[in-house]
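Structure, as structure tokens:
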Amino acid sequence: MKRKFAAVLLTCFGLMTTTPAINPEAADAGARFRALADHYFSDVVFHFGPTGATQLGFHQYDTKLEDYSRAGVEAEIAALRGYEGKFDAFPSDGLDESTQGDLAIIRDNIRGNLLELETIRGWEKNPDTYSGGITNSAFVLMERDFAPVDERLRSLIAREKQMPAVLTAARQNLKNPPRIYTEIALEQLPDIIGFFQHDVPDAFKGAKVPAAIAEFHKTNAAVIAALESYQGWLKNDLLPKSNGEFRIGAETFGKKLLYDEMVDTPLDRLLQIGYDDLHKNQAEFNRLAKDVDPGKTPKEVLAELAGLHPPPDQLLQTFHNTFNSLIAFIQAKKIITIPSTVEPTLEETPPFMRATTQASMDTPGPYERHSSTAYFNVTLPEKDWPAAKVADYMAAFNVGTVISTSVHEAYPGHYVQFLWVNHTPMSAVRKLTGSSTNIEGWAHYCEQMMLDEGYNRPGVGAKDERESRLIRLGQLQDALLRDARFVVGIRMHTQDLTLEQAQDFFVNEGYQSRAIAEVETKRGTSDPTYLYYTLGKLEIMKLRSDLQRKEGASFSLEKFHDDFMRQGGAPIRIVRKALLGDDSPTL
């Protein structure tokens with residue numbers, strides 16, 4: 001199963017770091033917490049999530065594959081329940097503040113995983129859980145050269161031998177899935193099959209051991225055959241019977257926010273917050289559009305902006321061209337410390353991720369010692385798309401959104417946060433877990449912050465005043481996209497917003513193209529709380545404002561950002577207490 005929580009065997013690898021103990025009792029409590037965490041990680045997290053272990057850099061799990069069977073699910077639930085009781089009974093009194101936060105993070109994470117397995121039940125509803133899951137298990141072995149190619153090939157063979165059984169488990173587990181889930185799985189399967197037919201063999205073409213190569217051809221052919229059979233079963237058997245409900249409902253939605261993000265704001269209040277930010281950004285977009293061209297309506301200026309994109313075959317290079325100016329600006333303005341001069345590598349998004357994402361940052365795990373490459377993935381339009389669809393899709397990569405996407409994914413967004421995790425002493429819980437309001441909230445916050453600090457000024461990130469305004473319009477368009485996710489996620493899952501109405505909302509209220517609206521609506525059906533972008537951004541902005549008010553003239557933006565990074569991916573509630581020293585509201 002796909003895990004939200006990745007962890008590691010801490011004590012035996014000497015990875016846990018803590019604040020120096022102030023008394024023996026505190027030291028003893030911290031040691032007991034770490035010992036319990038060690039057992040939890042070994043007994044539950046990696047035992048049931050070996051693909052995640054590979055991603056993190058612990059390669060003793062490379063030959064293992066998740067147990068997708070009903071018995072495997074039930075075993076994981078039982079293990080989580082056992083450790084839920086142990087962590088709930090653990091007294092927090094003797095722990096320092098940071099470790100108290102770690103304890104709270106683990107408790108909520110266990111509850112979040114139980115909510116997923118017992119209530120949301122993606123393993124019973126989402127066919128892509130299986131086909132996408134095994135593809136990722138292969139991808140993490142071929143993505144990075146963490147070991148010689150023959151050694152990684154042997155691990156792949158071991159995993160491939162177990163993959164047909166995963167698709168058999170899918171047939172047994174899937175019960176009346178939502179039609180949209182089956183459609184998404186079918187949409188991705190041709191690329192997944194092509195991935196095993198072409199990309200996987202190409203990745204291991206340097207292998208030298210004849211016996212292993214021969215065995216790989218057999219196991220890989222068996223996986224392809226199983227996937228083709230699965231595709232036929234989904235289309236002919238499951239799709240006609242896919243009449244289930246994707247909505248998780250208000251109660252589950254609230255619990256998911258609480259466990260994943262430590263957010264307990266009532267949903268009606270959250271929805272109003274989303275609408276307020278949407279309307280504020282719409283008003284600013286409309287005002288700025290008038291400055292760009294007083295003779296056009298805001299939607300006409302948006303249409304003009306949509307056409308200002310690079311050709312698809314130059315998109316990766318266009319993103320790379322932003323790196324030098326972003327880094328120089330960050331250093332000159334003292335925005336944040338960048339812990340490394342190594343840049344991420346641009347590449348096309350892997351096939352099994354293309355249906356629901358336009359761009360992403362794929363970084364090596366914090367304990368990967370043999371391959372340090374981070375990949376900036378960009379989804380290009382398909383080669384068989386008609387020209388009109390390509391143009392509609394490429395509107396998401398206009399002159400402004402290219403900048404905001406580079407900021408979000410790389411500098412100073414996800415990639416810089418990854419560098420901090422890898423270069424800063426912090427507990428393993430902070431290194432290996434992360435709330436989306438922190439991680440995605442930080443990256444989305446950076447989009448606005450960088451322009452507020454002047455990156456889009458003429459001669460800096462823009463050629464002239466007109467391009468400066470267009471870059472800000474692109475940032476606002478991305479902000480409106482996240483605002484639309486905020487509103488659509490709540491309304492689709494807790495009210496009666498239809499898929500068609502959700503797409504219309506992205507177009508009319510979020511100022512997105514129809515092609516992007518379709519992708520975003522699909523994503524929202526299985527990622528209900530994707531409001532965490534705007535939610536986290538607003539939490540960070542309030543934290544910064546409150547800290548600035550407290551510190552007055554001594555406030556430093558660079559210090560604030562560096563101190564934020566030192567908290568790892570902790571929920572903003574925990575970061576706020578660490579930086580402000582109180583439990584004041586996050587919103």
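The values are calculated or read from the model by the stated rules, or taken from the named source; none is laboratory data. In this text, all values refer to a predicted model and were calculated from it rather than measured experimentally. Reconstructed Cβ throughout: ideal geometry from the backbone, glycine too, with neighbour counts over all protein chains shown.
For (1) assigned to a loop (DSSP other than H, G, I, E, B); (2) at pLDDT 95 or above, each residue gets a yes or a no:
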site: Lys299; (1), (2): no, no
site: Asp313; (1), (2): no, no
site: Leu326; (1), (2): no, yes
site: Ile330; (1), (2): no, yes
site: Lys334; (1), (2): yes, yes
site: Ile338; (1), (2): yes, yes
site: Thr341; (1), (2): yes, no
site: Glu347; (1), (2): no, no
site: Thr356; (1), (2): yes, no
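Being over 30 Å from Ala250 (Cα atoms) and either in contact (Cβ under 8 Å) with a residue 12 or more places away in the chain or of a type outside the set (Lys, Arg) (or both) narrows it down to one of Asp264, Asp291, Asp277, so name that one. Steps first, please.
Working: Asp264 fails: over 30 Å from Ala250 (Cα atoms); Asp277 fails: over 30 Å from Ala250 (Cα atoms).
Step by step, each of Asp264, Asp291, Asp277 is checked, and only Asp291 is over 30 Å from Ala250 (Cα atoms) and either in contact (Cβ under 8 Å) with a residue 12 or more places away in the chain or of a type outside the set (Lys, Arg) (or both).
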Self-check item: Residues (among the charged types (D, E, K, R), within 25 Å of Pro266 (Cα to Cα) and surrounded by 13 or more Cβ atoms within 10 Å (Cβ to Cβ)) located in the range 556-587
Solution: Arg573, Arg576, Lys577
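If I go through the range 375-425 residue by residue, how many of them are closer than 15 Å to Ile336 by Cα, among the hydrophobic types (A, V, I, L, M, F, W, C) and in a helix (DSSP H, G or I)?
Restricting attention to the range 375-425, the residues satisfying the condition of being closer than 15 Å to Ile336 by Cα are 407-408, 410-421, 423-424.
Imposing the further condition that a residue be among the hydrophobic types (A, V, I, L, M, F, W, C) reduces the set to 407, 410, 416, 418-421.
Right, trim to in a helix (DSSP H, G or I) and you get 407, 416, 418-421.
Number of matching residues: 6.
Do we find that Asp291 is surrounded by fewer than 19 Cβ atoms within 10 Å (Cβ to Cβ), outside the structural domain of Asp483 (by TED's automatic domain parsing) and among the acidic types (Asp, Glu) in this structure? It would help to see each step written out before you state the result.
Working: surrounded by fewer than 19 Cβ atoms within 10 Å (Cβ to Cβ): yes; outside the structural domain of Asp483 (by TED's automatic domain parsing): no; among the acidic types (Asp, Glu): yes.
No: the conditions fail for Asp291.
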Quiz item: Any residue at all in the range 531-538 that is in contact with a helix residue (DSSP H, G or I) (Cβ under 7 Å, 6 or more places away or on another chain) and not in a helix (DSSP H, G or I)?
Solution: yes
Exercise. Please go through the range 330-351 and pick out each residue that is closer than 24 Å to Ala147 by Cα and not polar (S, T, N, Q).
Key: Val342, Glu343, Pro344, Leu346, Glu347, Glu348, Pro350, Pro351
Quiz prompt | Filtered residues of the range 224-247 (kept if surrounded by 16 or more Cβ atoms within 10 Å (Cβ to Cβ) and either more than 29 Å from the chain's Cα centre (by Cα) or not aliphatic (A, V, I, L, M) (or both)) | solution = Tyr230, Gln231, Trp233, Ser242, Gly244, Phe246, Arg247
Self-check item: Residue count for the range 463-515, restricted to those that are more than 30 Å from Gly249 (Cα to Cα) and either outside any helix (DSSP H, G or I) or among the small types (Gly, Ala, Ser) (or both)
Solution: 4
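Take the residues in the range 441-465 that are among the small types (Gly, Ala, Ser) and farther than 22 Å from Ala289 by Cβ, then tell me which one is surrounded by the fewest Cβ atoms within 10 Å (Cβ to Cβ). Write out each step before concluding.
If we filter the range 441-465 for residues that are among the small types (Gly, Ala, Ser), which is where we start, we get 441, 443, 454, 459, 461-462.
Keeping just the survivors that are farther than 22 Å from Ala289 by Cβ gives 441, 443, 459.
Numbers: Gly441: 25, Ala443: 25, Gly459: 8.
Per the stated criteria, the residue is Gly459.
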Quiz item: Just one of the numbered conditions (1) surrounded by fewer than 19 Cβ atoms within 10 Å (Cβ to Cβ); (2) over 30 Å from Arg171 (Cβ atoms); (3) modelled with pLDDT of 95 or more; (4) out of contact with any Ser or Thr (no Cβ under 6 Å at 6 or more places or on another chain) is not true of Gln100; which one?
Solution: (4)
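Kindly check whether there is at least one residue in the range 136-150 that is free of Cβ contacts under 8 Å to residues at least 12 places away in the same chain, among the charged types (D, E, K, R) and either over 23 Å from Arg121 (Cβ atoms) or in contact with a strand residue (DSSP E or B) (Cβ under 7 Å, 6 or more places away or on another chain) (or both). Spell out how you get there, then give the answer.
Of the residues in the range 136-150, the ones free of Cβ contacts under 8 Å to residues at least 12 places away in the same chain are 148.
From what is left, the residues that are among the charged types (D, E, K, R) are none.
So far as the range 136-150 goes, no, none of its residues is free of Cβ contacts under 8 Å to residues at least 12 places away in the same chain, among the charged types (D, E, K, R) and either over 23 Å from Arg121 (Cβ atoms) or in contact with a strand residue (DSSP E or B) (Cβ under 7 Å, 6 or more places away or on another chain) (or both).
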Self-check item: Only listed residue being over 25 Å from the mean Cα position of the chain (by Cα) and free of Cβ contacts under 8 Å to residues at least 24 places away in the same chain, chosen from Glu465, Glu453, Glu518
Solution: Glu465
